[in-house]
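First the structure, in the form of structure tokens, and then the observations on it.
The values are calculated or read from the model by the stated rules, or taken from the named source; none is laboratory data. Since the model is a prediction, treat every value here as computed from it, not as a measurement. We place every Cβ from the backbone using ideal geometry, glycine too, and count neighbours over all the protein chains shown. Accessible surface is based on the protein model in full, side chains and every heavy atom, while ligands, DNA and RNA are left aside. Shrake-Rupley method; radii C 1.70, N 1.55, O 1.52, S 1.80 Å.
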Amino acid sequence: MQENREKFDFPTRAYSYRHSAPGGKGMLEAGAPPALEAGRIYRFVLGVDDFPKPVPEAEIETLLQDSFAGLLLRRGKFPLTLRELLTEIDALNNDAGGLPQQKIFLVADGGQIQWTPETASVNRLFRFAVARSRNDDVRLLVSASTALDSATNFLQVLSWDAANEVYSY
């Protein structure tokens, strides 16, 4: 596992995907995953799925009832950058399910390590944490790279689905 961690900029968020469904091989052992089609919704449940699987159109309305899915995914919006994501959500602030309140935090995993010449090369792991809400009821959490327009740096969205009583991630 240590050799895998060295390949990632964010080793605390790197998961090898070695564990899968009983009898399954997991993503690394099973080979290359199938190509993902843009504009489709996929599911990947660790321990259940070997690879991301398309969610059938007939199941999307039932399976995805969280704010992120309702505001964007079910409307065919698939933002790839933090700036695109926040712009799309802002455009729906007046929508009944809109999330007009926003709080943004800058987080640094290594932010408490004092700078010295010896620690100058420490990756401080800066990222943004964003909370979106309506009437102080937080419905959407985002963790993202500080590169606002990067479509390749991480963009993680967590949204509560009250109907299914799960967080969609």
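Inside the range 57-67, can you point out the residues that are in contact with a Leu (Cβ under 9 Å, 6 or more places away or on another chain) and either in a loop (DSSP other than H, G, I, E, B) or open to solvent by 40 Å² or more (accessible area, probe 1.4 Å) (or both)?
Across the range 57-67, the qualifying residues are 64, 66.
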List the number of the failed condition for residue 73; all other conditions in (1) modelled with pLDDT under 95; (2) more than 18 Å from the chain's Cα centre (by Cα) hold.
(2)
So is residue 109 touching a residue at least 60 places away in the same chain (Cβ under 8 Å), within 23 Å of residue 44 (Cβ to Cβ), out of contact with any Pro (no Cβ under 6 Å at 6 or more places or on another chain) and among the acidic types (Asp, Glu) or not?
no
Name every residue in the range 43-55 that is open to solvent by 60 Å² or more (accessible area, probe 1.4 Å), modelled with pLDDT of 85 or more and either in a loop (DSSP other than H, G, I, E, B) or out of contact with any helix residue (DSSP H, G or I) (no Cβ under 9 Å at 6 or more places or on another chain) (or both), in order of residue number.
53, 54
